[in-house]
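Trainee: Please read through the structure below; I'll follow up with questions.
The values are calculated or read from the model by the stated rules, or taken from the named source; none is laboratory data. Source: prediction; values computed, not measured. Glycine gets a Cβ as well: all are built from the backbone with ideal geometry, and neighbour counts include every protein chain shown.
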Amino acid sequence: MRNFKQSIFLTCGLGLMACTDGLCQKRTTSSFIIHLETTSEEVKITCRDGCAWKQQSYTVSGKKYRAINQLGMITMPKKTNEEELDSSSFLVTISKTKKGIKLQGIKGTAWSKLMVTCYQEQCSMLIDRNGSRKI
């Protein structure tokens, strides 16, 4: 009986340690739908829901990424603090790769990273809080 109690205690202790290390944290999501279209030279972003903007676009240059939130394209600070994150319902970075699009969900998404492969120069997909799907 004593071994059983010790194993229960040990299991609960390990569970609490895992949760304090951030493994049990649930991501808070935000409702948004973004239509992403790419060509070899441009990325066009159209917000269908959850944004204060309708359409944004940028020219692809190098390996730079762009950050967007519900207010539009923003300059991503080198160090993101809690106050800046609190002002955004969602925050996503987008970068074009040789094989497609790389997305990072920083706030308001159920995902932290997505890689979308495009088999043609032009690619079209919907992005929301749960992930992406080609259209």
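Trainee: Scan (1) farther than 26 Å from SER40 by Cα; (2) surrounded by 13 or more Cβ atoms within 10 Å (Cβ to Cβ); (3) modelled with pLDDT of 90 or more for the single condition LEU126 breaks and write down its number.
Mentor: (1)
Trainee: Give all pairs with beta carbons closer than 6 Å in which a residue from the range 28-57 that is over 15 Å from GLY100 (Cα atoms) meets a residue that is crowded, with 16+ Cβ neighbours inside 10 Å and among the acidic types (Asp, Glu); count only pairs at least 6 apart in sequence or on separate chains.
Mentor: ILE33/ASP128
Trainee: Could you list, in sequence order, all residues of the range 1-57 that are at pLDDT 50 or above, of a type in the set (A, V, I, L, M) and surrounded by fewer than 11 Cβ atoms within 10 Å (Cβ to Cβ)?
Mentor: MET1, ALA52
Trainee: Go through the range 82-126 and give me each residue that's closer than 12 Å to SER30 by Cα, part of a strand (DSSP E or B) and of a type in the set (A, V, I, L, M, F, W, C).
Mentor: Result: LEU91, VAL92, ILE106.
Trainee: Is it true that LEU103 is at pLDDT 85 or above, more than 15 Å from the chain's Cα centre (by Cα) and farther than 15 Å from THR39 by Cα? Please lay out each step first, then the result.
Mentor: Values: at pLDDT 85 or above: yes; more than 15 Å from the chain's Cα centre (by Cα): no; farther than 15 Å from THR39 by Cα: yes.
Against the criterion (at pLDDT 85 or above, more than 15 Å from the chain's Cα centre (by Cα) and farther than 15 Å from THR39 by Cα), LEU103 does not qualify.
Trainee: Within the bounds of the range 64-71, is there any residue that is aliphatic (A, V, I, L, M), in contact with a strand residue (DSSP E or B) (Cβ under 7 Å, 6 or more places away or on another chain), under 18 Å from ILE106 (Cα atoms) and at pLDDT 80 or above?
Mentor: Taking the range 64-71 first, the residues aliphatic (A, V, I, L, M) are 67-68, 71.
Add one more test, that the residue is in contact with a strand residue (DSSP E or B) (Cβ under 7 Å, 6 or more places away or on another chain), and what stays is 67-68.
From what's left, under 18 Å from ILE106 (Cα atoms): 67-68.
Next cut, at pLDDT 80 or above only: 67-68.
Taking every residue of the range 64-71 in turn, at least one turns out to be aliphatic (A, V, I, L, M), in contact with a strand residue (DSSP E or B) (Cβ under 7 Å, 6 or more places away or on another chain), under 18 Å from ILE106 (Cα atoms) and at pLDDT 80 or above.
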